[in-house]
Amino acid sequence: MANGSANEQQGQAAAQESEREEGGPPAGFGRRGFLAGVAGAGAGGLLGGAGAGTAYARESAVRASPKGQPPLRPDQFAGDRQLLVPEVVLLPDGPVRDHAVLVEGGTFRAVGPAARLLAAHRDGPAPVRLDGHLLMPGFVDAHHHLTQSFGKAQSFGQPSEIFTTIWEPLEHALDDETAYLSAKLAALEALRGGFTTVADAGTRAPVDVAAVARGTEEAGLRCVLGKIVSNGTGGPAHLGRWSGHPLVHPSLAIAVPEDATGAVLKRTADLCAEAGAVFQIHVNEHLASVERSLKSVGRRPVDYLHHLGALGPHTLGAHATLLTPAEMRQLADTGAAISYNPVASAWKGNAVAHATMLAALGVRFGTGTDGTRGDGFRLVDAAETAQRLAYGLAAGDSVCGAGHLWLEHATAGGADALGLGRVTGRIAVGRAADYLLVDLAVPELTPSYDLRWELVRLANRDQIRAVVVAGRLRLWEGWPPDWDAQALVARAAEVGPAVVKRAALRRVDPR
């Protein structure tokens with residue numbers, strides 16, 4: 001199999017850094033044609049047991065592997081310690097071959113040349129050979145609304161600002177149980193799309209956000225859990241409640257600047273800065289929101305937050321599709337981050353954020369779904385496509401950042417925007433073992449010349465063999481190996497329409 005990038009040598013700098021952390025000289029390692037498994041139980045789940053999802057996973061495990069190798073099995077990724085030898089590893093500086101990773105205690109403990117790691121860990125777990133596969137960081141969704149999944153399709157064809165006609169009524173119709181189901185359904189979709197981390201921007205549902213946390217935790221998804229504090233209360237309690245949780249990272253949110261007083265905006269930003277948490281807020285998304293801000297406070301949203309002193313490295317502004325050059329400069333100067341949500345722009349937006357300009361100015365940004373569809377490969381494709389259509393064509397820019405820019409901001413850049421840059425987003429020593437195993441032995445990537453470009457434009461969700469979060473296998477061949485996801489889907493199909501009916505949504509249908 002000749003998959004991989006023609007520019008793979010760019011990854012050697014990161015490999016050498018990992019080698020220094022592990023110790024020992026670099027060495028090559030030839031590709032082998034066998035698999036060695038490790039025994040153990042799969043990750044735990046709280047919905048169902050050996051149900052339909054588990055049966056599906058067992059059946060799919062017999063799929064043929066490259067070169068006539070024995071088929072991969074989910075139990076090979078179980079246990080507290082695994083030594084994985086994929087054909088390609090996506091390191092911070094690019095894809096490299098002949099490398100291995102040691103996962104222990106949910107963390108990458110060693111990353112480096114395969115021969116050296118195999119020699120150093122002869123007495124450890126049997127190596128799991130993954131010829132024909134890529135090991136890459138999981139995608140990071142920098143902006144999501146986990147309690148909107150029951151009404152997602154209700155937003156199709158609607159005018160841009162639909163929060164008062166669709167989202168507020170929908171979320172107000174939720175109770176603790178349906179909010180939990182919505183969040184877990186969204187978490188399952190995210191995992192199926194290769195996301196290992198999502199940022200929930202806060203729910204308007206009249207529920208304890210613990211319902212959202214329960215859904216994501218049971219699914220095994222890492223979650224930045226926003227709590228809306230527009231009235232100025234509840235922030236410190238929320239930050240303290242989830243401090244130190246292995247998968248739930250607390251965050252404070254205000255939906256839009258006009259929802260809170262200037263004093264509350266500043267205090268919320270300060271609380272997040274003090275706690276090392278992220279302050280989430282929608283900014284400059286639609287023309288109507290910009291004009292409301294101008295009429296109410298005399299400033300555009302980003303400029304207003306800057307005026308208040310509420311912009312900083314702890315601030316995550318969602319969308320930012322309508323920025324002036326001065327506002328871009330304010331973001332760059334303060335270190336604030338943006339979630340670039342290209343599918344949301346296509347579905348309901350007035351504009352596309354100028355992400356390539358933000359990158360050129362050094363503005364931190366991740367990519368987000370905004371709850372549109374939980375598919376990481378389609379998101380990076382949309383991120384590049386939107387830039388090309390909105391800005392690249394007019395400027396004669398045929399590159400628009402190239403594949404590496406979009407992969408970077410969909411993984412490590414997204415983690416950085418969420419304040420989790422030291423936790424996840426990279427295949428690197430000390431980071432959480434949040435990763436995807438992607439099948440490279442497919443027609444779409446054959447022959448291969450530049451893997452990063454190809455992942456952005458050609459890869460598909462169905463190539464994701466495994467999704468691992470914190471070292472635990474969460475999905476195998478698209479379904480959890482240890483809890484009944486089919487039962488969740490069936491329950492959501494029953495409950496979701498009832499919630500939408502109760503919400504009495506006001507849709508515009510000009511057909």
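A few remarks follow.
- Annotation note: of THR233, THR203, the sole residue that is open to solvent by 10 Å² or more (accessible area, probe 1.4 Å) and touching a helix residue (DSSP H, G or I) at 6+ places or on another chain (Cβ under 8 Å) is THR203.
- Helices (runs of 4 or more DSSP H) enclosed by the stretch 259-309 - at least 2 residues per element that are among the aliphatic types (A, V, I, L, M) and under 22 Å from GLY366 (Cα atoms): 262-275, 301-308
To keep it simple, each residue is scored yes or no on (1) small (Gly, Ala, Ser); (2) open to solvent by 10 Å² or more (accessible area, probe 1.4 Å); (3) in contact with a His (Cβ under 8 Å, 6 or more places away or on another chain).
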position: SER293; (1), (2), (3): yes, no, no
position: ALA318; (1), (2), (3): yes, no, yes
position: ARG329; (1), (2), (3): no, yes, no
position: TRP347; (1), (2), (3): no, yes, no
position: THR356; (1), (2), (3): no, yes, no
position: ARG364; (1), (2), (3): no, yes, no
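- Selected residue [touching a helix residue (DSSP H, G or I) at 6+ places or on another chain (Cβ under 7 Å) and over 28 Å from ARG129 (Cα atoms)] from ALA383, ALA410, ALA395: ALA383
- Of the residues making up the stretch 331-357, those that are assigned to a helix (DSSP H, G or I) and in contact with a Ser or Thr (Cβ under 9 Å, 6 or more places away or on another chain) are LEU331, THR334, PRO342, VAL343, ALA344, SER345, ALA346, TRP347, LYS348, ALA355.
- Verdict on THR385 being closer than 20 Å to ARG192 by Cα, touching a residue at least 24 places away in the same chain (Cβ under 8 Å) and of a type in the set (Ser, Thr, Tyr): no
- Out of ALA114, ALA153, ALA120, ALA126, sole residue that is open to solvent by 10 Å² or more (accessible area, probe 1.4 Å), among the aliphatic types (A, V, I, L, M), farther than 30 Å from ALA493 by Cα and out of contact with any helix residue (DSSP H, G or I) (no Cβ under 8 Å at 6 or more places or on another chain): ALA126
- Looking only at the stretch 217-230, and only at residues there that are farther than 23 Å from PRO169 by Cα and not aliphatic (A, V, I, L, M), the one that is most open to solvent (accessible area, probe 1.4 Å): GLU217
- Candidate set: the stretch 206-216, residues that are among the aliphatic types (A, V, I, L, M) and part of a helix (DSSP H, G or I); chosen: the one most open to solvent (accessible area, probe 1.4 Å): ALA210
- Unique match (being out of contact with any Phe, Trp or Tyr (no Cβ under 9 Å at 6 or more places or on another chain), among the acidic types (Asp, Glu), open to solvent by 10 Å² or more (accessible area, probe 1.4 Å) and on the phi < 0 side of the Ramachandran plot) among ASP434, ASP439: ASP439
- Among (1) under 23 Å from ASP375 (Cβ atoms); (2) out of contact with any Leu (no Cβ under 6 Å at 6 or more places or on another chain); (3) of a type in the set (Gly, Ala, Ser), the one test that ALA211 misses: (1)
- Of the set (1) open to solvent by less than 10 Å² (accessible area, probe 1.4 Å); (2) without any contact (Cβ under 8 Å) to a residue 24 or more places away in the chain, all apply to LEU393 but (1).
- Flag if ARG506 is surrounded by fewer than 20 Cβ atoms within 10 Å (Cβ to Cβ) and part of a loop (DSSP other than H, G, I, E, B): yes
- Checking VAL264 against (1) crowded, with 23+ Cβ neighbours inside 10 Å; (2) out of contact with any His (no Cβ under 6 Å at 6 or more places or on another chain); (3) without any contact (Cβ under 8 Å) to a residue 60 or more places away in the chain, the condition it does not meet: (1)
- Sub-6 Å Cβ pairs linking a first residue in the stretch 431-444 that is more than 26 Å from GLY220 (Cβ to Cβ) to a second residue that is of a type outside the set (Val, Ile, Thr) and in a strand (DSSP E or B), at least 6 apart or interchain, are ALA441/GLY132, ordered by first then second residue.
- Evaluating THR385 against the criteria (1) surrounded by fewer than 24 Cβ atoms within 10 Å (Cβ to Cβ); (2) touching a strand residue (DSSP E or B) at 6+ places or on another chain (Cβ under 8 Å) leaves one unmet condition, (2).
- Qualifying residue in the stretch 334-345 (condition: farther than 15 Å from VAL290 by Cβ, among the aromatic types (Phe, Trp, Tyr) and either open to solvent by 10 Å² or more (accessible area, probe 1.4 Å) or modelled with pLDDT under 95 (or both)): no
- Of the residues examined, ALA190 is not one that is outside any loop (DSSP other than H, G, I, E, B) and either among the acidic types (Asp, Glu) or open to solvent by 20 Å² or more (accessible area, probe 1.4 Å) (or both).
Residue-by-condition table, conditions (1) within 24 Å of the chain's Cα centre (by Cα); (2) part of a strand (DSSP E or B); (3) farther than 23 Å from VAL380 by Cα:
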| position | (1), (2), (3) |
| --- | --- |
| VAL103 | yes, yes, yes |
| PHE108 | yes, yes, yes |
| ALA115 | no, no, yes |
| GLY124 | no, no, yes |
| PHE150 | yes, no, yes |
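- Scanning the stretch 314-343 for residues that are touching a residue at least 40 places away in the same chain (Cβ under 8 Å) and not hydroxyl-bearing (Ser, Thr, Tyr) yields HIS314, LEU316, ALA318, HIS319, GLU327, ALA337, ILE338, ASN341, PRO342.
- Within the set GLY349, GLY376, GLY362, the sole residue that is small (Gly, Ala, Ser) and either in contact with a Phe, Trp or Tyr (Cβ under 9 Å, 6 or more places away or on another chain) or closer than 21 Å to ASN460 by Cβ (or both) turns out to be GLY376.
- Of the residues making up the stretch 401-415, not a single one is in a loop (DSSP other than H, G, I, E, B) and touching a Leu at 6+ places or on another chain (Cβ under 6 Å).
The values are calculated or read from the model by the stated rules, or taken from the named source; none is laboratory data. As the structure is a computational prediction, the values presented were derived from the model and not from experiment. Cβ sites come from the backbone with ideal geometry, for glycine too, and all protein chains shown count toward neighbours. In case anyone asks, the SASA skips ligands and DNA or RNA and just uses the protein heavy atoms, side chains included. Shrake-Rupley method; radii C 1.70, N 1.55, O 1.52, S 1.80 Å.
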